[in-house]
1. Please report, in whole Å³, the volume per residue of the convex hull around the C-alpha atoms of chain B.
2. Give or take rounding to whole Å, what are the principal axis extents of the alpha carbon atoms in the protein assembly as shown, in descending order?
3. Over region A:82-210, one equal point on each Cα, no solvent: what is log10 I(q)/I(0) by the Debye formula at q = 0.10, 0.16, 0.18 Å⁻¹?
4. Can you compute the equivalent ellipsoid semi-axes for region B:213-290, i.e. the square root of 5 times each eigenvalue of the Cα gyration tensor, sorted largest first and rounded to whole Å?
5. Considering every pair of different Cα atoms, what Kirkwood radius, in Å, is found for region B:81-145?
6. Just to compare against my own numbers: the Cα pair-distance distribution for region A:19-92, 10 Å bins, whole % per bin, please.
7. At 222 nm, what helix-only mean residue ellipticity would chain A give, in deg cm²/dmol to the nearest 500, using -39500 (n - 2.57) for each DSSP H run of four or more?
8. Which whole-number percent of Cα pairs in region C:1-61 have a distance greater than 13 Å?
Amino acid sequence: MPSLGTWLAAFFTLCMLSFLYKDNPFFRIAESFFAGLSLGYYIGIVANQTLKPNLVLPLADNFSANWHLLFAGGLGVMLYFRYIKRVAWVSRWALAVYVGYYVGVNMMQKLHGEVLPQVGDTMLSLSWSGIGTLWNVVMVVGVLSVLIYFYFSAEHKGAVGGISRVGIWFLMVSFGAAFGYTVMGRISLLIGRMVFLVNEWARPLIGLIT
Amino acid sequence: MNLERIMQIDRRIVYLFVAAGTILPIVFVIGLPVSITPPVQMAFDRMEDLDPGDVIMVSFDYGPSSAPENAPMADAALRHCFSKGIRVIVIALYPLGGLSEAVNELNKVVAEFPDLEYGVDYVNLGYKDGAQAAMRKMNENIHEVFPTDVRGTPISEIPLMREVRTYADLELCFSLATGIIGEWWANLVNAQFGLPVIVGPTAVSAPKYYAYLEAKQMAGLLGGLKGASEYERLVLDKYPDLERVYATPGLYTATKGMDVQSIVHLIMIAFILFGNVVYFTGKRRPRKAA
Amino acid sequence: MRKQVPLLLTFCAGMIPIVALFVPERHVSTVSTTLDSWLIIVAGFALLLGVVNVVQMNTNKIRRKTSGWPYAVVLLAGLAIMGTFGFAGAFGGFGGIATRLDGTSTPFDWLYQNAFLPLQGTMFALLAFFMASASYRAFRARNVEATILLIAALIVMFGRIPFGEMVTKWFPLTTEWIMAKPNMAAQRGIMIGAGLGAASMALRVIVGIERSYLGLGKGE
């Protein structure tokens with residue numbers, strides 16, 4: 001017989017799948033419970049895996065070496081000042097540090113980790129040395145035409161319009177490929193749940209796998 | 001029967017076809033062969049280049065929303081490491097389930113290798129918030145990012161971690177990623193700190209990763225369930241002893257999943273083609289005057 | 001002070017990781033890595049901010065008895081159960097939040113395995129059905145662009161399944177070529193364009209032109 005946990009998991013799986021027939025209270029209950037569990041999960045991981053080992057324990061174990069973490073804790077607490085009307089403006093300070101830092105990191109990720117290497121790798125040899133050169137042409141034309149398609153400072157007429165149309169074709173090939181991959185991804189998720197229902201719940205239930 | 005009327009069939013009939021196409025190959029396993037693509041071969045070869053005793057980081061950057069794709073990759077990668085004697089540091093950076101996936105997948109695979117010793121051959125450092133901040137800080141000191149392991153053991157008491165302090169002490173990072181975190185390993189960690197990266201993304205995000213792979217910002221790519229099935233095959237071919245694991249009845253593997261993919265893909269292709277046939281037939285037929 | 005200080009803080013916090021990349025000097029990297037440590041903690045607090053928002057919203061819903069309020073009770077119940085096991089786990093209660101040393105589940109892990117995982121997994125699995133139905137009804141070769149998209153999609157769908165490989169080896173080969181050449185080129189074009197856009201937006205935030213995230217207008 002399946003365990004209690006397996007029964008519960010099967011029940012929730014079927015509640016969710018019931019939406020395929022039509023919206024119903026079982027689905028809505030499961031959906032709401034899932035949202036609640038997600039938030040509860042956050043509490044568990046943040047308290048257990050970040051705040052305790054990276055803030056509380058270092059301060060408790062060796063305050064003189066880690067006192068600077070008080071600033072981090074202070075910034076974190078300041079985020080919650082937004083719920084106290086009189087001092088809500090203080091939360092902006094913490095938000096400013098949070099947003100500023102991640103924006104700065106992201107800017108360098110984009111420029112240093114994406115734009116430069118990708119541009120560099122597009123500088124390919126176009127002098128004929130076999131079929132590889134043809135593919136180099138495909139890549140260079142593809143990148144440039146897509147970039148021109150996204151360039152809105154010039155009207156897409158004449159040569160610019162023609163090149164941007166080629167860009168659209170490249171984008172369509174890519175979106176088609178992405179569609180094919182997305183189908184695979186979504187089916188994979190369905191396989192995961194069906195494997196559970198068939199192999200872990202239904203089969204033990206009818207005694208095929210004990 | 002009027003073709004256009006077939007187009008108006010209840011959506012639930014389409015759902016039934018998809019459900020049947022999924023369930024039947026799970027019940028009756030077909031065992032279709034899987035061919036290898038260059039991105040997965042590159043990942044496998046890069047791992048094979050490592051020596052026994054080398055240390056790599058495996059980052060669980062996914063949750064239940066993509067576990068059926070990422071978990072078989074994680075299992076195959078961990079089995080590969082443990083079969084070859086590569087030591088593994090497991091971390092998780094994805095908030096919604098990354099930690100639990102890391103714990104449960106690691107528990108499952110470790111149970112298949114009874115000789116492994118926790119803290120010596122592998123360690124689970126758990127989850128950390130602020131993924132980019134954690135990735136940056138680990139270049140200076142992994143111990144400060146993860147002062148304890150997943151169960152609260154101080155990192156200084158873990159023998160494996162005495163040898164590993166920064167990215168410089170690692171050979172590579174293998175990220176199983178559901179979304180953008182896998183990209184961060186390429187455009188942040190690899191770009192700024194030079195750590196070689198292999199990413200196993202979900203199929204949905206795989207097309208974008210080809211740009212990183214082509215620019216050599218990644219050492220290999222496992223795109224979705226297909227990538228996972230290819231890696232499984234490569235690992236099985238190289239380490240036939242693992243057959244004892246993959247032959248377990250009822251065990252979900254990416255290779256078995258590809259049977260289902262074949263059937264459901266064919267159903268969807270048939271639906272799309274049929275829809276287009278009806279569309280063009282309707283276009284050719286002159287409309288009746290109103 | 002209420003407006004200028006946040007802008008100054010954004011500028012400093014944004015510039016530190018940028019400067020640290022270009023100036024490999026000890027003091028700079030010390031400041032930068034200290035900020036990294038802090039932001040790990042701040043990110044934790046920020047994640048929990050969402051919890052407070054949702055609790056506030058749902059308690060209001062229950063208090064006002066707006067339509068669907070019983071579902072708000074279910075949501076808060078889920079939060080309370082998982083949150084209690086999670087929070088207590090931080091202090092060693094219920095054996096923590098991972099599995100126990102002997103491999104058995106703690107209550108937090110048990111709930112993850114038997115409630116959270118099936119719920120989230122199935123929520124996303126539903127998309128497979130919707131996608132099948134939508135592509136049956138809407139995926140048409142209406143013009144040149146749509147035809148290119150359709151052909152590329154069909155080749156990739158066929159080329160990535162074992163059945164397609166069995167029909168002819170050209171399906172997987174063509175698929176790999178599509179992925180590695182035209183798809184890669186288009187993705188690269190998008191990546192470069194979006195990267196430059198994101199970087200210019202980041203610059204606007206750092207120098208204080210873009211202030212909406214602080215709830216400030218342009219002239220404030």
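Bear in mind that the values in this text are calculations on the coordinates, not laboratory data. As the structure is a prediction and not an experimental result, all values here were calculated from the model. Ideal geometry is used to build each Cβ from the backbone, glycine not excepted, and the neighbour counts take in all protein chains shown.
1. Considering the Cα atoms of chain B, their hull volume per residue is 167 Å³.
2. Taking the Cα atoms of the protein assembly as shown, the three principal extents are 82, 69, 64 Å.
3. -0.73, -0.98, -1.08
4. Equivalent-ellipsoid dimensions as semi-axes: 44, 19, 7 Å.
5. When all Cα pairs of region B:81-145 are included, the Kirkwood radius is 12.8 Å.
6. 16, 26, 28, 16, 10, 3, 0
7. That calculation yields -22000 deg cm²/dmol at 222 nm.
8. 72 percent
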